[in-house]
Amino acid sequence: MLAAQLTRLRDGESAGLGEALELVTGFDEALVHGLARLSEQHAAALTALAGAFALTPIGEGAAEAVAKVVSGSIAEEQLTMLAGGRTALLGAVHDALLAELDEALGRERAPWQAAPMPEADGAGNLLGAARSWLCELAITGWRGVDHDLVSASDQTIEALLAVPEQRRQAVLLDGLAAELRACCPIGTMERLPVRRWADLWTRALLLARSGGQVGERVVAEHLSGRLLILGVDVHEHATAVQMQVHGVLEPAGGGRARLVRTSVAAAKVDTIVGPAVWKLPNRHPRLLGALAERRSLEITDVPVLAGGDLLWDDDRARAGAPVDAFAVARVSLAGALAPAAPPLDRHPVLIAEPVLVTDYKVTRDGSFDLGGAVLAVDTDGLPACGPLTPKLVAGSSECIGLMRWDGGRWLLQPLAVRAKVKSETIEAHTGDWALGPTDPKVVKAEARAGDAVAVLRERAGRLLRR
C-alpha cells in the first residue's frame, strides 16, 4: 500500500513547482550581493519575481517595489513587499506538495481558520530597530556582512529577549546573528547557505513588521483527552534547543482523533550537547517522563493555537498507561485529522508529516526499498541526545518517521525504529533518554565529562548573588 503511495509522490511533481523555486532562487542570489549593487541579472530576477504576481492583488505593489529597488530607492516598505512575495511563492509550493502528500496518504486536513490579530505589546521601537538592521543586511548583502554590522543587532536582540511576548522574534534574530557572526568575514567563504539565510531574513522581517504578533499564535480552543506520542523531533542550535513532540490526540468524550504536536524549548550554549540537552527543559517533567517511559498523557484544557499546536503546560497533564507507538501509528494515523498549516509556516522545509513504514529492505545507501518505490532516509540529522543511530535504522524492519521534502525530493526522517540486534527485536526512540541515558557506555562517558548544565547553573547563580 505505502509503496504505491510513494510511487505517486515520486511521479507526481506539481506543475509550476520548479518555476516558482527558480524565482525564489533569483531573489536569494540578489541578497547575496546586496540590493544596493544589483547587476542586470539580479534586477531581472527581481522583476521576474514581481511578474509572478501581476494578476494578483499584490501585483501592483510588487511591481512598484521592484522598480524602486532597481532604481536605488530602497526602503523598508519595498523590502517588506519583496519578503511577502517570496513567502507567498514558497507558500504555494508548500501547499502543492502537502496536497500531493495528503492525497497519496489518504490524509484529511482541517481548513485554515484565521484568528484575530492580538493587540500590540508596546515593543514597537525595538521591532523598528530590528527591521532597520534587517534592511541594512539586505542592502549590504551577505558578502558584505562584517562583525560591525552583526554587532549592531546585539542591543536590540538583548532588549527583545527581555520581553516575553517577543521571545520568538528575539530567538530568531539571535540565531541569524550568531550564524552570520560565526561566518565572518563572509566575503571569503566559498559557499553560503543562501536559501537558509534568506528564509531566516524573510521570516524575521515579516514578524517584525507584524509586531511579532500574528494570528496563528492566538489560542483557538482548549482540548482535553488522551495524547498518544508517536515520537519527538529534536531541533538543536548553538543557542537554543526545541523538542517537538508529534502524536495523536483522542478527545475526551469521543470524537475524531487529531494529529497534534507540541513543543518545549530552552536557551543553551554550544558546550551543552548530546544527552545533556534533556536537562534544559526540566520544567516539563511529565512530558519528559512520558517520552522516556513511552507512556500516554491525559491532558485537561490545554490551549491549542490556530495552527493546531498544543501550548504545553505540564500542570495540565498526568501520566497515563504505557503505549506502543507502533500500534498507535498502525491503527490511528490513517483516520486522524491533520491540522492546517499557519501562513508563516507554509514553507516546503517545514513539511513534517508522521508516517509508519513497514515491510522494506534497506539498500546500500541507507534508503528504504518498499518493492515498488525507494524512499530516501535522512540519518545524518539523527540527534545525538538519543539512542537512535544510523546502524539501528539500517537494521530496522519498521520505522515511525516524518515525511519531509528537501532538495527536490521526498525523504523520511526516523523518529523510532524496530530492529533486530543479536536475534532480539528492540525499539529505539529519539526520546528514550529524556530522563537520562540508559546505555551504560554513554552513562560512563557523561560521568567522565561532568555535568555541564549543573556547572553553568551554579556559576550563573554565583553571578546573580554578587
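Among the residues of segment 320-354, those identified as assigned to a loop (DSSP other than H, G, I, E, B) and among the charged types (D, E, K, R) are Asp324, Arg346. Looking at Ala198, Ala138 in this structure, which one is of a type in the set (Gly, Ala, Ser), within 19 Å of the chain's Cα centre (by Cα), under 30 Å from Gly407 (Cα atoms) and not in a loop (DSSP other than H, G, I, E, B)? Result: Ala198 is the single residue among Ala198, Ala138 that is of a type in the set (Gly, Ala, Ser), within 19 Å of the chain's Cα centre (by Cα), under 30 Å from Gly407 (Cα atoms) and not in a loop (DSSP other than H, G, I, E, B).
Okay, residues lined up against (1) buried (at least 19 other Cβ atoms within 10 Å of the Cβ); (2) closer than 30 Å to Thr271 by Cα:
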| site | (1), (2) |
| --- | --- |
| Ala352 | no, yes |
| Lys361 | no, no |
| Leu370 | yes, no |
| Leu375 | yes, no |
| Lys391 | no, yes |
| Leu402 | yes, yes |
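The set of residues in segment 261-295 being at pLDDT below 95 and acidic (Asp, Glu) consists of Asp270 alone.
Residues that are of a type in the set (S, T, N, Q) and closer than 17 Å to Gly386 by Cα within segment 404-454 comprise Gln413, Thr430, Thr438, listed in sequence order. Thr379: under 18 Å from the mean Cα position of the chain (by Cα) and among the hydroxyl-bearing types (Ser, Thr, Tyr), yes or no? The answer is yes for Thr379. Taking the criterion of being under 18 Å from Gly431 (Cβ atoms), out of contact with any strand residue (DSSP E or B) (no Cβ under 7 Å at 6 or more places or on another chain) and part of a loop (DSSP other than H, G, I, E, B), the residues of segment 262-319 that qualify are Ile272, Val273, Asn282, Arg283. Being among the acidic types (Asp, Glu) and crowded, with 17+ Cβ neighbours inside 10 Å is the filter here; which residues of segment 183-215 pass it? Within segment 183-215, just Asp199 meets the criteria.
Quick one: which of Val234, Val264, Val241 is in contact (Cβ under 8 Å) with a residue 60 or more places away in the chain and in the same structural domain as Asp313 (by TED's automatic domain parsing)?
Values: Val264 fails: in contact (Cβ under 8 Å) with a residue 60 or more places away in the chain; Val241 fails: in contact (Cβ under 8 Å) with a residue 60 or more places away in the chain.
None of the other options fit; the residue is Val234.
Only one of Thr56, Thr87, Thr80, Thr47 is in a loop (DSSP other than H, G, I, E, B), of a type in the set (Ser, Thr, Tyr) and either free of Cβ contacts under 8 Å to residues at least 60 places away in the same chain or outside the structural domain of Thr140 (by TED's automatic domain parsing) (or both); which?
Thr56
Here Glu64 meets each of (1) modelled with pLDDT of 95 or more; (2) crowded, with 16+ Cβ neighbours inside 10 Å with one exception, condition (2).
So which of Leu160, Leu180 is surrounded by fewer than 22 Cβ atoms within 10 Å (Cβ to Cβ), outside any strand (DSSP E or B), out of contact with any Pro (no Cβ under 9 Å at 6 or more places or on another chain) and hydrophobic (A, V, I, L, M, F, W, C)? Spell out the reasoning first.
Working: Leu160 fails: surrounded by fewer than 22 Cβ atoms within 10 Å (Cβ to Cβ).
Unique residue meeting the criteria: Leu180.
Which residue is farthest from the chain's Cα centre (by Cα), if the candidates are limited to segment 123-135 and must be closer than 12 Å to Ala152 by Cα and hydrophobic (A, V, I, L, M, F, W, C)? Of everything passing the filter in segment 123-135, Ala129 is farthest from the chain's Cα centre (by Cα). Could you tell me whether any residue of segment 10-33 is part of a loop (DSSP other than H, G, I, E, B), over 22 Å from Leu350 (Cβ atoms) and at pLDDT 95 or above? Scanning segment 10-33 turns up no residue that is part of a loop (DSSP other than H, G, I, E, B), over 22 Å from Leu350 (Cβ atoms) and at pLDDT 95 or above.
Closer than 26 Å to Arg109 by Cβ and either free of Cβ contacts under 8 Å to residues at least 12 places away in the same chain or of a type outside the set (A, V, I, L, M, F, W, C) (or both): which single residue out of Gly308, Gly289, Gly320, Gly274 fits that description? Break it down stepwise before answering.
On the way: Gly289 fails: closer than 26 Å to Arg109 by Cβ; Gly320 fails: closer than 26 Å to Arg109 by Cβ; Gly274 fails: closer than 26 Å to Arg109 by Cβ.
One residue alone meets the criteria, Gly308.
The single condition among (1) surrounded by 17 or more Cβ atoms within 10 Å (Cβ to Cβ); (2) in a strand (DSSP E or B); (3) more than 16 Å from the chain's Cα centre (by Cα); (4) among the hydrophobic types (A, V, I, L, M, F, W, C) that Val234 does not meet is (3).
I'm trying to understand the selection: among the residues of segment 129-145, which are touching a residue at least 40 places away in the same chain (Cβ under 8 Å) and small (Gly, Ala, Ser)? Passing the criteria: Ala130, Ser132, Ala138, Gly141, Gly144.
Would you say Ala130 is within 23 Å of Gln78 (Cα to Cα) and in a helix (DSSP H, G or I)? So Ala130 fits the description; yes.
For Gly175, the requirement of being in a helix (DSSP H, G or I) and either at pLDDT 95 or above or surrounded by 15 or more Cβ atoms within 10 Å (Cβ to Cβ) (or both) is met.
The values are calculated or read from the model by the stated rules, or taken from the named source; none is laboratory data. No experiment lies behind these values; they were computed from the predicted model shown. Neighbour counts run over all protein chains shown; Cβ positions are idealised from the backbone, glycine included.
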